[in-house]
1. Only one of (1) within 11 Å of chain A (Cβ to nearest Cβ); (2) in contact (Cβ under 8 Å) with a residue 24 or more places away in the chain; (3) open to solvent by 10 Å² or more (accessible area, probe 1.4 Å) fails for B:SER351. Which number is that?
2. Residues to consider are B:SER198, B:SER188; find the one that is of a type outside the set (Lys, Arg), within 28 Å of the chain's Cα centre (by Cα), modelled with pLDDT under 95 and exposed (fewer than 15 other Cβ atoms within 10 Å of the Cβ).
3. Take the range A:195-212 and flag every residue that is outside any helix (DSSP H, G or I), within 14 Å of another protein chain (Cβ to nearest Cβ) and surrounded by 20 or more Cβ atoms within 10 Å (Cβ to Cβ).
4. I need the full set of residues from the range B:265-315 which are more than 25 Å from A:PRO114 (Cβ to Cβ), of a type in the set (A, V, I, L, M) and facing chain A (nearest Cβ under 7 Å), in order please.
5. If we scan the range B:57-67, do we find a residue that is charged (D, E, K, R), modelled with pLDDT of 95 or more, more than 30 Å from B:LEU276 (Cα to Cα) and open to solvent by 50 Å² or more (accessible area, probe 1.4 Å)?
6. Check whether at least one residue in the range B:270-280 is touching a strand residue (DSSP E or B) at 6+ places or on another chain (Cβ under 6 Å), among the β-branched types (Val, Ile, Thr) and open to solvent by less than 30 Å² (accessible area, probe 1.4 Å), and report yes or no.
7. For the subset of the range A:123-143 comprising residues that are assigned to a loop (DSSP other than H, G, I, E, B) and within 7 Å of another protein chain (Cβ to nearest Cβ), which member is most open to solvent (accessible area, probe 1.4 Å)?
Amino acid sequence: MAHEPDAPILSLRGVSKSFGGVKALTDVSLDLVPGTVVALVGDNGAGKSTLVKTMAGVIRPDRGDYFFEGRKVHHSGPAEVAAMGVQTVYQDLALCNNLDAVQNLYLGREEVGPWWTGFRLKRARAERRSKDVLRRMRLDSIALDRNVGAMSGGQRQNIAIARSILWEPKVVLLDEPTAALSHSAAAQVGKLVRDLAGQGLAVLVISHDIHHFVLDNTDRIEVLRLGRNAAGFDSSDVTGEQVVNAMVGGNEAINAAG
Amino acid sequence: MRPDDRERGAMSTHSVNPPQPVSLSRRGLRERLGSELSFVPVALGLVALFVFFAAESDVFLTSRNLNNLLVQATVTGIIALGLVFVLLVGEIDLSVAATSGIASVLMAKLVVDADLPIPLAVLSGVLSGVAIGAASGRWITLIGVPSFVVTLGVGLVLNGIQLLLLPNTGRYNLLNTGVERLAATYVSGLAAWLLVLSGIVAIACLRLADLRDRKAEGLPTSLLGSVVTPTALIGGAMIAILLFLEGQRGLPMPVILFALLLGVMAYLAGQTRFGLHLYAIGANAEAARRAGIKVERIKIAAFAIAGGMAAFGGILAASRILGVSVSSGGGVGGGALLLESIAAAVIGGVSLFGGRGRVVGALFGALIIATVSNGLNLMGVANEARLIVTGLLLIVAVSIDRGIEKAASHG
């Protein structure tokens, strides 16, 4: 990437949000750049999920601005944000265990025949298109006609990500994609995440797995603490200890304790 | 904030794997038993029951008795067929028996008191069932109350209205009104063969269309597995039934109607977008909602189908017993008719937990219940024992359902 620096596609500026008396976010800013993977890290209650939900349009902040492709956006909710090209994969994945991979990938936007067929599903076409998409994402090992309930955690995660990609988004937000995964499955998800950025998407990943996932698979690490921007690092020149210190408050915490 | 170009190029080349073939047949038997083969255990159970009763009673396998058995199974089967849709979305309808009762009384009233032509009266009865189901569904989705409580209440309300609709004698006689012909008509000879053959051709055509689509998309196909075997199995069963019943008077109209409805409903649940969404909602309503599926609307449609089918089942029952009375629709509370309809669906492998089972399960479940009842009757076993056996069957079926549910989610 020797050419001009990419401008952020999605930016939050000075975002604050309170729930009752609890300040979840205070004056937080964040940029997502095409072709880049950003890790959002922080302790429990640091505001990571609130920030992702703000980006997804689920939560409307009390103060602060939402910029998309350089323009200030006043969106009406998650549907409009998704329509702009921001897809979110939540931790619960929202898969139907009794349906197979193809059915899950196209759930809610199946191609069907005319009314006199009773809107018959075009199964063969969906299957072929799923096959193409999974091959492009190098997920060929997923059996298309298996119920996703019978699949491993890593495969389920990958199907959920693949489904968000079918909408051809510009930004993908992943809420703890590796939380319940083994190291090898997490590595597979990491590879997928890097591939997505390689195809020009802006990716945001929430993860607790600093050493095995974040340092290896992201370009930029943004640390939240107690609802504020605590630190930002380039993943290439930071150690796990530095990140963890920023998360828990490092010297300040020690000073406060002493 | 600049993307770091250090190893980006290296990483993406590094991650290129040699393409592997996308595998299509890794579904284990356990997984298939949980979905498209969910009726197999019950089909095997049915065969075992047939063998047992054939050994115990000389009369059991006569075509006269099998004719009775099939007709006995149709009313329960048709009501269960509609219930499958409600069960698939994870709800239940305890008012189906009462709906069948009130629809049959309404139909009889329109025929006897208002001299309405029979097709119109039947249509009115069925539509009343659809309306009752849709109204229950609307209420349940609007208020967010458990369906079993709402439909229990609706059932009692309907029982009350049924009593109000009946004349002082407490009964409408349908003999010689023409309604009795619905159940008493038999189709035999060439017409029966044409019916069965057109059914087989329809199945083969659907299967061939699938095969053609898969070929067009360059997907692996199997003529034997996806066309020949299923068509031969279903067609063989249909021809066998026809041959058995030809010896008597031909195909009874209720059985033909049941088969038609079964075909239409199986197509609806298995081949259409509506059907897929039923399964999605039953497994994960929140995921379905997020995928843009109109969950409420589909649930209401499911209740409407259950209501319509229940109404039609009730009308068929009225035609068969030549009248309607206080006890139409199983009497107050639905009685055995309600329990046997639910049992038929559950024994047929349709899960009470939602999202699992096949429409054809209603057929096998209803056949099992009718067979147990018919067989024990022939063996001279008292009614008490019949109730006990049917009850135990239901417990076994729902326990198996739970077992499959667990196995499927941890497979």
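The values are calculated or read from the model by the stated rules, or taken from the named source; none is laboratory data. Predicted, not measured: the structure shown is a model, and the values here were computed from it. Note that each Cβ is placed from the backbone with ideal geometry, even for glycine, and that neighbours are counted across all protein chains shown. Each accessible area value is taken on the protein alone, full model and side chains, heavy atoms only, with ligands, DNA and RNA left out. Shrake-Rupley method; radii C 1.70, N 1.55, O 1.52, S 1.80 Å.
1. (3)
2. Working: B:SER198 fails: modelled with pLDDT under 95.
B:SER188 is the lone residue from the list that is of a type outside the set (Lys, Arg), within 28 Å of the chain's Cα centre (by Cα), modelled with pLDDT under 95 and exposed (fewer than 15 other Cβ atoms within 10 Å of the Cβ).
3. Residues of the range A:195-212 outside any helix (DSSP H, G or I): A:199-209.
So of that shortlist, the ones also within 14 Å of another protein chain (Cβ to nearest Cβ) come out as A:199-204.
Those that are outside any helix (DSSP H, G or I), within 14 Å of another protein chain (Cβ to nearest Cβ) and surrounded by 20 or more Cβ atoms within 10 Å (Cβ to Cβ): A:LEU201, A:ALA202, A:VAL203, A:LEU204.
4. B:ALA283, B:ALA287
5. The initial filter retains those residues of the range B:57-67 that are charged (D, E, K, R), namely B:58, B:64.
Next, only the ones that are modelled with pLDDT of 95 or more stay: none.
No - not one qualifying residue is present in the range B:57-67.
6. yes
7. Of the residues in the range A:123-143, the ones assigned to a loop (DSSP other than H, G, I, E, B) are A:137-143.
In the following step, the residues that additionally are within 7 Å of another protein chain (Cβ to nearest Cβ) were identified as A:138, A:140-141, A:143.
Numbers: A:ARG138: 74, A:ASP140: 14, A:SER141: 43, A:ALA143: 3 Å².
Out of the qualifying residues, it is A:ARG138.
So that you can scan it fast, the table gives a plain yes or no per residue for (1) within 14 Å of chain A (Cβ to nearest Cβ); (2) farther than 24 Å from B:PRO119 by Cβ; (3) aliphatic (A, V, I, L, M); (4) surrounded by fewer than 23 Cβ atoms within 10 Å (Cβ to Cβ):
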| residue | (1), (2), (3), (4) |
| --- | --- |
| B:ILE241 | no, yes, yes, yes |
| B:GLY263 | yes, no, no, yes |
| B:VAL324 | no, no, yes, no |
| B:GLY333 | no, yes, no, yes |
